[in-house]
Amino acid sequence: MYITYQGVEIEKSLGGFFDLNGSGNELKTSNNYNLRPTALPIQRFHSQSAYLQHLTQWGPLHLILGLRAEHVDERQNIGSAQESHATHRVLLPRIGLSYALSKEWSLYGTYLEGFQPQSQAFENMPVLGNNISEQASIHFDPLRSQLIELGAKAELLGGRLKGTVSLFEVKQRNILMKEDDDKYSLRGSDRSRGIELELAGYITPELQLSAAYSYLDARITADANPELVGARKEAAPRHNASLWMKYSFAPTTALRGLSLGLGAQHSSERLSWYERSLMLPAYTVVDAVIGYRPAGSRLDFALKVNNLLNSTYWTGALNKTWVFPGAPRNITFNTTFRF
């Protein structure tokens with residue numbers, strides 16, 4: 001159902017809408033809400049698993065071998081004529097390998113597989129109308145995934161600063177997607193490759209640093225629509241970065257107990273989940289904090305300003321109707337007692 005507001009046609013929401021530029025906004029009566037009843041089906045989900053892991057060491061080489069056996073039993077629409085039942089049995093291997101080049105440097109590699117039943121996924125997704133009832137008895141094939149990661153870890157500045165660099169590839173198949181008619185279907189597979197850099201610790205006893213950057217190339221590798229094969233994956237920004245620095249004044253100075261922090265988070269543009277024509281813009285958010293710890297006290301005080309520059313940004317979207325805005329500038333004051 002659509003309405004026209006100031007010459008623009010928009011979908012009528014369940015509880016009306018709030019005009020940020022209008023001065024006549026007021027509390028609305030629920031009698032005028034555009035509500036539609038939704039009947040949630042009775043579901044039962046049982047999972048049983050056993051896990052075996054073994055660690056072997058040969059000098060600087062460490063090897064971890066793991067195997068998880070999982071049995072999943074799920075029933076939908078219990079007690080109705082549409083009751084359905086599905087059972088899944090899987091073996092999920094895990095392999096981890098690390099090699100110490102020196103006291104400061106080491107190399108590592110990881111391989112693991114993942115598994116997730118998907119008839120329960122409706123509980124974690126916003127649902128319009130009665131679509132959950134219409135498809136609740138459908139048991140989609142489980143989401144399966146594989147992860148390969150290779151990297152190096154380092155301890156710098158005498159161990160005060162720790163760094164990690166890693167290359168990774170994640171493959172998924174049977175990805176649950178929503179179609180234009182509010183039905184759900186499975187996408188064949190997708191692949192994500194990238195690099196991650198992390199650095200955390202103390203540059204000096206007073207200056208703390210936390211920095212991270214990741215580059216992600218996420219592509220669709222199999223889909224019923226051949227035009228999507230090779231296209232960019234939804235909700236996957238290519239660049240993510242964060243930086244946080246905190247300076248704590250030394251106990252020998254007049255400002256002892258006081259600390260100042262400043263940080264920023266950046267995310268590049270990305271597609272919405274279910275509407276590929278909607279591209280969310282990149283954004284950068286800056287935060288700041290002032291902290292104080294009285295000498296000899298177990299109390300910590302912190303005044304934090306989130307989104308210091310009051311940036312307008314969007315953290316994600318399902319489609320043009322379900323777009324999630326980031327919080328505007330806000331201030332929080334926290335008190336912590338250390339036992």
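Solvent-accessible area of residue 61, all protein chains in place: 50 Å² (probe radius 1.4 Å, heavy atoms, ligands and nucleic acids excluded).
Once the Cα-Cα distance is subtracted from the 0.36 nm per residue extended length, the residue 82 to residue 269 segment shows a gain of 63.1 nm. Applying 1/(1 + (r/R0)^6) with R0 = 22 Å to the Cβ-Cβ distance of residue 42 and residue 89 gives a FRET efficiency near 0.35.
Taking 0.36 nm per residue of sequence separation and removing the Cα-Cα distance, the residue 105/residue 10 pair yields an extension gain of 28.5 nm. Given a cut-off of 32 Å, name the pairs among 103/246; 246/320; 178/246; 233/304 whose C-alpha atoms lie farther apart than that in the structure shown. 246/320; 178/246; 233/304, as the Cα separations exceed 32 Å there.
When peptides 218-229, 65-76 are sorted by average Cβ neighbour count within 10 Å, with the highest value leading, the order is 65-76, 218-229.
Along the stretch 151-158 the Karplus relation, 6.51 cos²θ - 1.76 cosθ + 1.60 evaluated at θ = phi - 60°, assigns HN-Hα couplings of x, 9, 10, 9, 10, 10, 6, x Hz to successive residues, with x for each Gly and Pro. Comparing Cα centroids, the stretch 84-117 and the stretch 289-319 end up 35 angstrom apart. Residue separation of residue 55 and residue 315 scaled by 0.36 nm, minus their Cα-Cα distance, works out to 89.6 nm of gained length.
Could you work out the percent of alpha carbon pairs in the stretch 45-114 separated by over 17 Å, rounded to a whole number? Don't skip to the answer; put the middle values down first.
Details: 1448 of 2415 pairs.
That fraction is 60 percent.
The values are calculated or read from the model by the stated rules, or taken from the named source; none is laboratory data. Every value quoted in this text rests on a predicted model; they were computed, and no experiment measured them. Using ideal geometry, Cβ is built from the backbone for each residue, glycine included, and neighbour counts are taken over all protein chains shown. Calculation scope for accessible area: heavy atoms of the full protein, side chains included, ligands and nucleic acids excluded. Shrake-Rupley method; radii C 1.70, N 1.55, O 1.52, S 1.80 Å.
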